[in-house]
Amino acid sequence: MTEQQFRTEQDSMGEVKVPEKALYGAQTQRALDNFAISGLVMPGRLIRAIAMVKHAAASANERVSGLERSKAKAIRAAAKQIIDGEHEQHFPIDIFQTGSGTSSNMNVNEVIAHLCQQQGVDVHPNDDVNQSQSSNDVIPTAIQVASVLAIEEHLHGSLKHLISTVQDKATSLRDVVKTGRTHLMDAMPMTLAQELDCWAGQLEHSAGQLPLLLQRSKVLPQGGTAIGTGINAPADFAEQFARQLSSLTEHEFTASANPFTGIAGQELNLQLHGQLNTLGTTLLKISNDLRWMNSGPLAGLGEIQLAALQPGSSIMPGKVNPVIPEAVAMAAAQVNGNHTTITTAAQQGNFQLNVMLPVIGYNLLQSIELLSNSCRALADRAIKDFEVNQQRLDEALAKNPILVTALNPVIGYSKAAEIAKQAYKDGRAIIDVADEMTDLGRDKLNRLLDPKQLTEGGVTQGD
């Protein structure tokens with residue numbers, strides 16, 4: 001670039017050349033020079049959450065810290081532009097930066113200050129935009145705010161939609177009986193509705209735990225400033241900030257009584273992601289069940305047929321693959337990897353500050369997005385419209401020797417095992433072998449071995 005394409009900015013360390021049209025300043029440029037690590041930048045949700053912190057802090061500072069009204073108004077207007085998704089190209093700092101996220105905090109401070117200057121208001125990024133704050137409480141607060149909004153405004157709806165879709169599909173399959181499986185081996189019969197109701201129950205475990213964890217995430221360390229003591233922030237700043245942020249976001253946030261905890265530790269975000277990881281585990285289980293049930297279609301189980309969404313092979317004509325369950329399974333694997341990263345990062349709370357905040361925020365928000373989108377994809381493009389292959393289900397049920405379990409109370413385990421082994425050996429239907437090896441009679445065997453009746457539990461009666 002030529003000299004005319006740069007401008008000179010200054011911070012406490014001296015002068016820095018910054019691209020002429022950049023809204024950021026010297027400290028952001030230093031971070032760009034220092035942290036050419038991955039090319040991964042802070043998530044837009046996290047940048048917007050930092051801007052929300054600045055917006056609420058300006059209002060709080062106007063009330064309790066003596067920030068001039070004109071400056072507070074300009075800061076809020078500039079922050080609102082960022083909250084609305086504008087100027088995203090001016091937040092280019094790598095995720096792998098200083099562990100407190102100071103570089104990204106200053107990035108937002110500098111962009112807001114420059115936007116204020118465009119309004120004709122002279123605002124200092126540290127003295128005004130960052131008034132009563134530290135990166136050490138801004139970034140943990142922003143991570144919590146971003147995750148709360150992402151879950152309540154995105155994941156909750158997606159998860160609810162998936163559960164509802166599974167339950168609706170189950171209702172339509174109440175009378176469809178299939179072979180159950182344990183260890184991937186034939187087991188007692190069940191209905192497809194029972195199988196799907198199991199999925200819904202697993203999903204509801206995660207849905208039920210998230211509200212409690214989110215309630216804790218709404219308790220913010222903002223106001224603790226550098227280490228939790230609240231140095232350079234008025235005593236009532238934290239409460240005023242929480243009120244202003246609640247008004248801005250329409251979500252109820254409160255100030256922590258112990259901000260040291262939210263600055264030094266990240267156990268809360270680790271717990272939250274633990275529940276996200278649990279949800280990912282459930283999505284992986286459901287995806288794999290769908291893949292197995294859809295397998296074949298001729299040489300596999302072939303119990304169901306997923307919607308054909310795209311050609312499955314570049315060399316084998318006519319092949320169609322279970323692409324949505326595969327994609328969701330990969331997303332779940334990524335969430336599991338993110339949990340390992342967050343677990344390691346949460347351990348880095350050295351004395352009064354965790355020093356892996358950016359990577360925690362990045363992975364937490366990525367997991368929320370992956371799970372939100374995966375729930376929708378699984379519901380709408382895999383579960384909602386799959387078709388049942390009734391003929392294959394009936395054939396498998398008829399040949400399943402494990403049905404003999406229902407005869408245990410009548411003929412005993414040993415005799416039932418003998419019948420099952422003979423049926424396996426001959427490859428014959430269990431009812432035919434049982435008819436030959438017992439004196440129960442065909443009519444009674446039909447009643448005792450009725451697959452639909454066996455899905456309802458209870459003890460088989462010999463009479």
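A few notes on this one:
- Figure legend. Inter-residue proximity from the range 12-38: first residues without any contact (Cβ under 8 Å) to a residue 12 or more places away in the chain, second residues outside any helix (DSSP H, G or I), beta-carbon distance below 8 Å, spacing 6+ or different chains. Indicated pairs: GLU15/THR8; GLU15/GLU9.
- Residue within the range 443-463 that is in a helix (DSSP H, G or I), crowded, with 16+ Cβ neighbours inside 10 Å, of a type in the set (Val, Ile, Thr) and touching a residue at least 12 places away in the same chain (Cβ under 8 Å) present: no
- Residue count for the range 151-173, restricted to those that are polar (S, T, N, Q) and under 19 Å from GLN366 (Cα atoms): 1
- In this structure, ALA72 does not qualify as free of Cβ contacts under 8 Å to residues at least 40 places away in the same chain and farther than 20 Å from ALA233 by Cα.
- Close contacts from the range 249-268, counting a first residue that is without any contact (Cβ under 8 Å) to a residue 40 or more places away in the chain and a second that is surrounded by 20 or more Cβ atoms within 10 Å (Cβ to Cβ) and of a type in the set (Phe, Trp, Tyr), with Cβ to Cβ under 8 Å and a gap of 6+ residues or different chains, come to ALA255/PHE241.
- Every residue from the range 172-231 that is polar (S, T, N, Q) and surrounded by 16 or more Cβ atoms within 10 Å (Cβ to Cβ): THR179, THR191, GLN194, GLN202, SER206, GLN209, SER217, GLN222, THR225
Just so you know, all these numbers are worked out from the coordinates, no wet-lab data involved. Keep in mind that this is a model prediction, so the values were computed, not measured. In this analysis, Cβ positions are derived from the backbone assuming ideal geometry, glycine residues included, and neighbour counts consider all displayed protein chains.
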